[in-house]
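The values are calculated or read from the model by the stated rules, or taken from the named source; none is laboratory data. It should be emphasised that the depicted structure is a prediction, and the values quoted were computed from it without experimental measurement. Ideal geometry is used to build each Cβ from the backbone, glycine not excepted, and the neighbour counts take in all protein chains shown. These area figures cover heavy atoms from the full protein model, side chains too; ligands, DNA and RNA do not enter into them. Shrake-Rupley method; radii C 1.70, N 1.55, O 1.52, S 1.80 Å.
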Amino acid sequence: MLTDPNCIFCRVVAGEIPAATVYRDANILAFLDIGPLSDGHVLVIPLGHHEKLSEMPPKLACALAAELPRLAKAARAVTGTEGFNVLVNEGKVAGQEVKHVHFHIVPRRPGDGLGYRWNAGKYPEGRIEQLQAEYRETIAKGSR
Ligand code: 5GP
Ligand code: ZN
């Protein structure tokens, strides 16, 4: 398993930094975020050090995603909320501060003031077809 001694979350996995763990199995760890966006905010991480979701081995991504329904259901039950956001920040531009893949599960409450501007745009003529072609070609070429 990959590990980085300078990574905070690898140190959480190793037990060197204490964390309020809520779930652990052979591949993943879930624990409460120390700086919660809302009460009950949980982080779900692979045990191994992987910086980016986009570079994660698909099998490991599956192992992590497989537990999201159960963990999200628990978040709802424990916090008494009806909904949540699941969020991954990848890269500095997206606000990733800890360079070890993590899924945020953020319980939502009416009027909590969370969220971000959802400024839906509009494609100029031809752009959506161009993007579709580029995505299809890139995905077809992409390694797994
Ligand atoms: P990012 O901005 O990288 O998506 O989110 C990193 C998250 O990790 C933040 O929400 C932050 O509060 C949380 N975090 C950073 N260091 C620690 C830590 O040592 N323990 C815990 N439990 N959470 C941490
Ligand atoms: Zn790490």
Next item on the list: Collect the residues in segment 33-52 that are open to solvent by 70 Å² or more (accessible area, probe 1.4 Å), under 15 Å from His100 (Cβ atoms) and within 11 Å of ligand 1 (Cβ to nearest atom), keeping them in residue-number order.
Entry: Ile34, Glu51
Notebook entry, point to check: Given Arg76, Arg117, Arg109, which one is more than 15 Å from the chain's Cα centre (by Cα), more than 18 Å from Asp33 (Cβ to Cβ) and away from ligand 2 (no atom under 16 Å from the Cβ)?
Noted result: Arg117
Check: Among the residues of segment 1-25 satisfying the criterion of being open to solvent by less than 90 Å² (accessible area, probe 1.4 Å) and in a loop (DSSP other than H, G, I, E, B), which is farthest from ligand 1 (Cβ to nearest atom)?
Finding: Asp25
Notebook entry, point to check: Would a scan of segment 115-124 turn up a residue that is within 15 Å of Ala30 (Cα to Cα) and either touching a Leu at 6+ places or on another chain (Cβ under 6 Å) or open to solvent by less than 80 Å² (accessible area, probe 1.4 Å) (or both)?
Noted result: no
Check: Going by the conditions given, is Ser54 modelled with pLDDT of 95 or more and under 30 Å from Gly142 (Cα atoms)?
Finding: yes
Item checked: Selection within segment 66-87 - aliphatic (A, V, I, L, M) and surrounded by 14 or more Cβ atoms within 10 Å (Cβ to Cβ) -> Leu68, Leu71, Ala72, Ala74, Ala75, Val86, Leu87
Check: Residues in segment 67-82: is at least one within 18 Å of Cys10 (Cβ to Cβ), within 16 Å of ligand 1 (Cβ to nearest atom) and hydrophobic (A, V, I, L, M, F, W, C)?
Finding: no
Next item on the list: Starting from residues that are polar (S, T, N, Q) and more than 9 Å from ligand 2 (Cβ to nearest atom), keep the ones in segment 1-31 and report whichever is nearest to Ala63 (Cα to Cα).
Entry: Asn27
Check: What tally of residues in segment 88-113 results from selecting those that are open to solvent by 60 Å² or more (accessible area, probe 1.4 Å) and of a type in the set (A, V, I, L, M)?
Finding: 1
